[in-house]
Amino acid sequence: MQSSSEVDTSSAAPETSGARKAASGSRWSSLPTVVRRSILLVAIVLLWQLYVTLSGVSPLLFSSPLDIAEAFWEGWTSGDLVGATLVTLRILGLGMLIGMLVAAVLTTLATWTRIGEDVLVLLTSMLNPLPAIAILPLAILWFGLSPSALVFVIANAVTWPIAINVSTGFRTVNPTILMVGRNLGLRGFKLVKDVLMPAALPHTISGLKTGWAFGWRTIIAAELVFGVAGGGGGLGFFINDARYFLRIPEVFAGLVTIALIGIALDAVFTWIERRTVIKWGMKSGT
Amino acid sequence: MREQGERHTPRLSEGTNRDFGGEHGDAVSTGSTETRASGRPLLTVDHVRIGYVVDGRLNVAVGDVSFEIWPGEKIMLLGPSGCGKSTLLKAVAGFIEPVGGHISIEGHDLIQPGPDRAVVFQEFDQLFPWRTVADNVAYPLRVTGKEKNEAEATARRFIEMMGLSHAAERYPHQLSGGMKQRVAIARALALEPLMLLMDEPFGSLDAQTRTRLQKELNDIADRTSVTILFVTHSIQEALLLGHRVVVLGQPPSEVEEIVDVRNVKDPDTEEFIEVRRRLRELLAGEGEDVDHAIFE
Ligand SMILES: Nc1ncnc2c1ncn2[C@@H]1O[C@H](COP(=O)(O)OP(=O)(O)OP(=O)(O)O)[C@@H](O)[C@H]1O
Ligand SMILES: [Mg+2]
């Protein structure tokens, strides 16, 4: 990237932060975000490939991007990686569902009763800081080396961030908006559905987002432990299995899959936010 | 408290017709045919005392306030900032329970919030952020039982009255403060309530828009039998819109005086100047910066 003192800053006008940095004299900033990121990605992959080719590092320790791409392609076409991904996602989905239900019950109790609120605050302050994976030994003790143990761990991981966010959302609803709802004669469930829920939506979405992120990290960690124990069949198991048989590119292909799904989940939430709370000015976009 | 000026008979609402667009207003618009003796007040505020609990202590905002509102009347609440005007309005709306005294509506003591008393709040954030302007006005109509098409048509009419047709599809966060307030006014008017409770609704508008909307509100009140409780800082506005002006003092506030301004509408008359001077005195006696607070 060359820098120049007579940069055309007007081309960077749509993006304010870019415009500000462009004024300091770099043509780089005037490029669109997608282009900047793509260039960087390509550069990193090229450097990586160069390093592997030139340094002669052992293929048992490190794979080249080309090998990984090949393993990735094979994994997806042969169905191994697809199967592993589906197993993981199914367990994650089940855990999320249970976690969301428990969170919904806790939040309802916390919103309507004082004792419910106290219970939620207490449980959350104790269980939320605990890394969810720490529950796994107990879960294995209770459920054995079965998917149920994983589901339990995931449910525990996602319940607390969701519950605490949603109940904060309900409790911090703008009192004027609430008065407007009551002024229209809204009560009970209709008040909750038409006023409280949309008003609490920014918190709800960020709770779900955090919940998914926690759940995703936790399930991979739990499956790796399971993989070591020889059970499962999900992505963590896939990675462990590949390592055991020294199929190093497949290890990397598993990691790439995990990263891509994480990115996709994040994109889904960003998409939902764009269409709701950001569009309504309830949360500022980034 | 005492009342000043000639005691005029207020208009009484005839029946229940509250159709803003209708042609029925004439029969009840003159205010000279009915007497108070023939009915009962729509709203009675009787030795009401209201406070907020702050840090476990009761902080009294409204000390002892009594007045009545007769059907079809326009009552202006005037008083220094922080004297409890909004608090009183919220109590009438049913959001705050007085710690003493009674508020009753048509004889009923225990009042709940309801669409028969549509409120225009003082706060700017009173619109639903997730609904467009058109939807913010139409949704309350749907909730109170109107058909979809009728609700949308009515909403359109009142949005146009507020001069906001161009912004009907925008979301509240894309509006200026004054525009938001006008949407809230449209929403309240469109409900065609028994009572309008308005908390400084025109406070954030420019002079021309304010004058136009004051006239619009007067027209609506003339055409229908709506009863209005209106909070304002402005003596000018109180005189222009009101039948009677309830002047409140410093918190914990009491009624300083209830001034009848029904026949004081022409700014050039002696009487108008006299009443305005009296109101200024009342407010000034309360330590308000007269020049600053009273002239708009
Ligand atoms: N939610 C609240 N909690 C505690 N105190 C409050 C609350 N709302 C208002 N008060 C207090 O009650 C008093 C009256 O407030 P209120 O909003 O009714 O005044 P106001 O007459 O409407 O003033 P303004 O003309 O500035 O709108 C003030 O002293 C205020 O500090
Ligand atoms: Mg106020």
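The values are calculated or read from the model by the stated rules, or taken from the named source; none is laboratory data. None of the values given here were measured: they were computed from a predicted structure. Don't worry about glycine lacking a Cβ; one is built from the backbone with ideal geometry, like all the others, and counts go over all protein chains shown. The protein model used for the area step is the full one, side chains on, heavy atoms only, and it has no ligands, DNA or RNA in it. Shrake-Rupley method; radii C 1.70, N 1.55, O 1.52, S 1.80 Å.
Annotations for the structure displayed:
- Gyration tensor verdict on region B:148-242 (Cα atoms; rounded if a/c is under 1.5, prolate if a/b is larger than b/c, oblate otherwise): oblate
- Gaussian network model of chain A, Cα within-10 Å springs - most flexible of A:Phe226, A:Phe170, A:Phe62: A:Phe62
- With bins 5 Å wide beginning at 0, the percent of Cα pairs of chain A falling in each bin runs 1, 5, 9, 11, 12, 12, 11, 11, 10, 8, 5, 3, 1, 0, 0, 0.
- Residues of the protein assembly as shown: accessible area per residue with a 1.4 Å probe, Å²: 49
- Membrane-span-like helices in chain A, defined here as complete DSSP H runs extending at least 24 Å along the helix axis by their C-alpha atoms with mean Kyte-Doolittle hydropathy no lower than -1.0, are A:33-55, A:80-112, A:147-171, A:197-229, A:248-275; this is a sequence and geometry rule, not a statement about a membrane.
- Those lysines that a straight Cα-Cα span of less than 19 Å connects to B:Lys215, excepting residues fewer than 8 apart in one chain: B:Lys74, B:Lys265
- Normalised by the number of residues in region A:69-275, the average gap of Cα pairs under 8 Å and 6 or more apart makes the relative contact order 26 percent.
- Accessible surface buried once B binds A (1.4 Å probe; total of both sides; Å²): 2000
- Cross-link reach list, lysines versus A:Lys190, counting only Cα pairs under 17 Å and skipping chain neighbours closer than eight places: B:Lys146
- Charged neighbours of B:Gly63, selected by a Cβ distance under 9 Å, balance to -1 (K, R count +1; D, E count -1).
- Helical mean residue ellipticity (222 nm; -39500 (n - 2.57) per DSSP H run of 4+; nearest 500) of the protein assembly as shown: -17000 deg cm²/dmol
- For region A:181-226, heavy-atom accessible area (probe 1.4 Å) falls by no less than 30 Å² from the chain alone to the full protein assembly at A:Arg182, A:Asn183, A:Leu184, A:Arg187, A:Asp194.
- Accessible surface of the protein assembly as shown, 1.4 Å probe, proportion on carbon and sulfur as whole %: 60
- Choice from A:Ala132, A:Ala267, A:Ala155 with maximal GNM fluctuation in chain A (Cα, 10 Å cutoff): A:Ala267
- Burial annotation for region A:264-286: residues with an accessible-area loss of at least 20 Å² between the isolated chain and the complete set of protein chains, computed on heavy atoms with a 1.4 Å probe, are A:Lys279, A:Trp280, A:Gly281, A:Met282.
- Relative packing of peptides B:193-202, A:202-211, A:144-153, A:68-77 - highest average C-beta neighbours within 10 Å first: B:193-202, A:202-211, A:144-153, A:68-77
- Within 10 Å of the Cβ of each residue in B:105-115, the mean number of Cβ atoms contributed by other protein chains is 2.
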